[in-house]
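Visitor: Sharing a structure, written as structure tokens. Questions coming.
The values are calculated or read from the model by the stated rules, or taken from the named source; none is laboratory data. No experiment lies behind these values; they were computed from the predicted model shown. All Cβ positions, glycine included, derive from the backbone under ideal geometry; neighbour counts span all protein chains shown. When the accessible area is computed, the model is the full protein with side chains, heavy atoms only, and any ligands, DNA or RNA have been set aside. Shrake-Rupley method; radii C 1.70, N 1.55, O 1.52, S 1.80 Å.
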Amino acid sequence: MTTTTLEVERKYDVGAGTEVPALAGLSGVAAVGDPQVHELVATYFDTADLRLRAAGVTLRHRAGGPDAGWHLKVPLGSDREELQVQGADLTAPVPEALQALVRAVVRTAVLVPVAKLRTTRTVRALRDAAGQQLAELVDDQVEGVVLDADVAPLRWREWEAELGTGPRSLLDEVERLLLDAGATRSGTGSKVGRVLAARPAATAAPAWWASTSSRRATAGEVLQEHLREQVDELVARDPQVRRDLPDAVHKMRVASRRLRSALHTFRPLLDRATTDPVRVELRWLAGVLGAARDVEVMHARLRALVAAEPDDLILGPVLARIDRVMGARYRAAHDAAVRALDGARYLALLDALDALATTPPFGERAGGSTTDVLAPMVRRSWTRLDRTMRAAERSDPGAQQDLMLHEARKLAKAARYAAEAVAPAFGRPATRFAAAMADLQEVLGDFQDGVVTREALRELGAASSRSGENGFTFGRLHGLEQARAEAAVARWPQVRAEVSAAKLRRWLARA
């Protein structure tokens, strides 16, 4: 069984003779529990080149204490999320549920023991008047050894203040007490990180961008930064998609689309013999994720339509049918997406993306300035969009105009992604342009979503009639969606005029 908790904690280095300060006067703390002592032995796993450590992930097996078993900790903003498989034996393989969650980082490498920590842990629980644990203070005496290198053991003492049900402000109060007692904030994010830092040729997260200012960077450096950010985003979303967390499929799909769009928009900077095959694979990945995302969006849209209707206009098991049909489709699409993430094709794509982000196949133009090189490429993305919108305006209402508006939506998204990619170099003008493209994309998206939703409602209504149910509500919702789409079409010329304002593109005109 896998359990998940959000770990909100702060670590402190402390001298061997420092006494733990009194904790009873903290806000909301009615009682401090008696010290509980545990003897813990933790074995940490990673690849030989420490890929998990570079990604800020820790995987361990712990013996002793109330939470013995396998633990996986992954970054979540400034905190960490901990997933645990309880009671598993160290002699057994790493549980498949946890292996899957690190597959995007580990790829085909083997997980091996890399460090062992022995800890004498003293825990003091901080409880409120109702007995709820607001937080705990942990006093650890640690000995850590590297398992695959001849390195002397490290010994140190540290305090950890970990939040329970209390407010984060409680950790601020605890910190003031600990610092006054002589502790200092720890310079390492984890115990195993401290130990592995002593390992010969220890791997660190790449810092290729750290010394370069985006405002002074070359065109290639700005593009490389963007590629690295999106590859990192894609990999970070992988375990969230596998766990089916909210919005995870959407965010991973967006990362794949941004990467593909960047490789297209800025292709004159790159060796297309290398990047074009990657674009093909990114399109495949976006399609796999899109199958699940599109159903997810449709399900939410249909539920919102039903929720907005008066009860007396909901005739028959409308919501039950929507949930049953869309729920089954989403489960099938999500299962297919996870199978794809487990496949060799996806892992090969990740390797190719890492290579692109680390050593992009740049040509000579990549060494040029952002103004001379990148701005004209963003301007071309706008020109393609403007040309398509003009053609849509000249078209008569109907299937041809619908198709051109759909194409304009995709081009608006491409122009937005292009501006966002270069925003570190161009600042607010690029950000404002991207926001305008997002507004246009939203209006055109309302129209296209209406087209797809009407088809889904027609299908659901026909199925309900065949089952002897009343199809009135599905027909009514179909009509409302038709009106909504028509309103979007009526609205788009105004938005089109707004996004066409010359002031939005002055930063491009200077190129």
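Yes or no, residue by residue, for (1) at pLDDT 95 or above; (2) buried (at least 20 other Cβ atoms within 10 Å of the Cβ):
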position: THR122; (1), (2): yes, no
position: ARG127; (1), (2): yes, yes
position: GLN132; (1), (2): yes, no
position: GLN141; (1), (2): yes, no
position: GLY144; (1), (2): yes, yes
position: LEU147; (1), (2): no, no
position: VAL151; (1), (2): no, no
position: ALA161; (1), (2): yes, yes
position: VAL174; (1), (2): yes, yes
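Visitor: Give just the number: which of (1) modelled with pLDDT under 95; (2) open to solvent by less than 80 Å² (accessible area, probe 1.4 Å); (3) closer than 19 Å to GLN494 by Cα does ASP396 not satisfy?
Guide: Among (1) modelled with pLDDT under 95; (2) open to solvent by less than 80 Å² (accessible area, probe 1.4 Å); (3) closer than 19 Å to GLN494 by Cα, the lone unmet condition for ASP396 is (2).
Visitor: Which count do you get for residues in segment 264-288 that are open to solvent by 40 Å² or more (accessible area, probe 1.4 Å) and either under 25 Å from GLY363 (Cβ atoms) or touching a helix residue (DSSP H, G or I) at 6+ places or on another chain (Cβ under 6 Å) (or both)? Before the answer, list the steps.
Guide: Residues of segment 264-288 that are open to solvent by 40 Å² or more (accessible area, probe 1.4 Å), as a first pass: 264, 267-268, 271-274, 276-277, 279-281, 283-284, 287.
Imposing the further condition that a residue be either under 25 Å from GLY363 (Cβ atoms) or touching a helix residue (DSSP H, G or I) at 6+ places or on another chain (Cβ under 6 Å) (or both) reduces the set to 264, 267-268, 271-274, 276-277, 279-281, 283.
Qualifying residue count for the region: 13.
Okay, residues lined up against (1) open to solvent by 40 Å² or more (accessible area, probe 1.4 Å); (2) more than 21 Å from SER369 (Cβ to Cβ); (3) at pLDDT below 95:
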| site | (1), (2), (3) |
| --- | --- |
| TRP209 | yes, no, yes |
| VAL235 | no, yes, no |
| ARG242 | no, yes, no |
| VAL254 | no, yes, no |
| ALA262 | no, no, no |
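Visitor: Identify, from the list GLY182, GLY166, the residue that is on the phi > 0 side of the Ramachandran plot and in a loop (DSSP other than H, G, I, E, B).
Guide: Just a single option satisfies the conditions, and that option is GLY182.
Visitor: Please go through segment 232-265 and pick out each residue that is assigned to a loop (DSSP other than H, G, I, E, B) and in contact with a His (Cβ under 9 Å, 6 or more places away or on another chain). Can you show your working first?
Guide: Step one: of segment 232-265, the residues assigned to a loop (DSSP other than H, G, I, E, B) are 243-247.
Matches in segment 232-265: ASP244 only.
Visitor: Let me ask you something else. Anything in segment 22-62 that is closer than 19 Å to THR120 by Cα and either part of a loop (DSSP other than H, G, I, E, B) or of a type in the set (A, V, I, L, M, F, W, C) (or both)? List them, or say none.
Guide: GLY33, ASP34, PRO35, VAL37, LEU40, VAL41, ALA42
Visitor: Right, something else. Given the criterion among the polar types (S, T, N, Q) and open to solvent by 20 Å² or more (accessible area, probe 1.4 Å), identify the matching residue among THR431, THR473, THR453.
Guide: THR431
Visitor: Mind checking which residues of segment 21-41 are among the small types (Gly, Ala, Ser) and within 16 Å of GLN132 (Cα to Cα)? Before you say what the answer is, go through the steps one by one.
Guide: First pass over segment 21-41, keeping only residues among the small types (Gly, Ala, Ser): 22, 24-25, 27-28, 30-31, 33.
Correct list: ALA24, SER27, GLY28, ALA30, ALA31, GLY33.
Visitor: Something else: When you scan segment 75-146 for strands (runs of 3 or more DSSP E) that lie fully inside it, which ones turn up with 3 or more residues that are of a type in the set (S, T, N, Q)?
Guide: Because the criterion is at least 3 residues that are of a type in the set (S, T, N, Q), the strands (runs of 3 or more DSSP E) in segment 75-146 that meet it are 112-127.
Visitor: Looking at this structure, is ALA291 at pLDDT below 95 and open to solvent by 30 Å² or more (accessible area, probe 1.4 Å)?
Guide: Values: at pLDDT below 95: no; open to solvent by 30 Å² or more (accessible area, probe 1.4 Å): yes.
For ALA291, the condition - at pLDDT below 95 and open to solvent by 30 Å² or more (accessible area, probe 1.4 Å) - is not met.
Visitor: Which number in (1) surrounded by fewer than 15 Cβ atoms within 10 Å (Cβ to Cβ); (2) under 23 Å from LEU40 (Cβ atoms) marks the one condition that SER186 misses?
Guide: (1)
Visitor: On the phi < 0 side of the Ramachandran plot, over 25 Å from the mean Cα position of the chain (by Cα) and crowded, with 16+ Cβ neighbours inside 10 Å: which single residue out of LEU319, LEU305, LEU353, LEU341 fits that description?
Guide: Result: LEU305 is the single residue among LEU319, LEU305, LEU353, LEU341 that is on the phi < 0 side of the Ramachandran plot, over 25 Å from the mean Cα position of the chain (by Cα) and crowded, with 16+ Cβ neighbours inside 10 Å.
Visitor: Assuming SER500 fulfils every condition listed in (1) within 32 Å of the chain's Cα centre (by Cα); (2) closer than 17 Å to LEU385 by Cα apart from one, which condition is it?
Guide: Condition not satisfied by SER500: (1).
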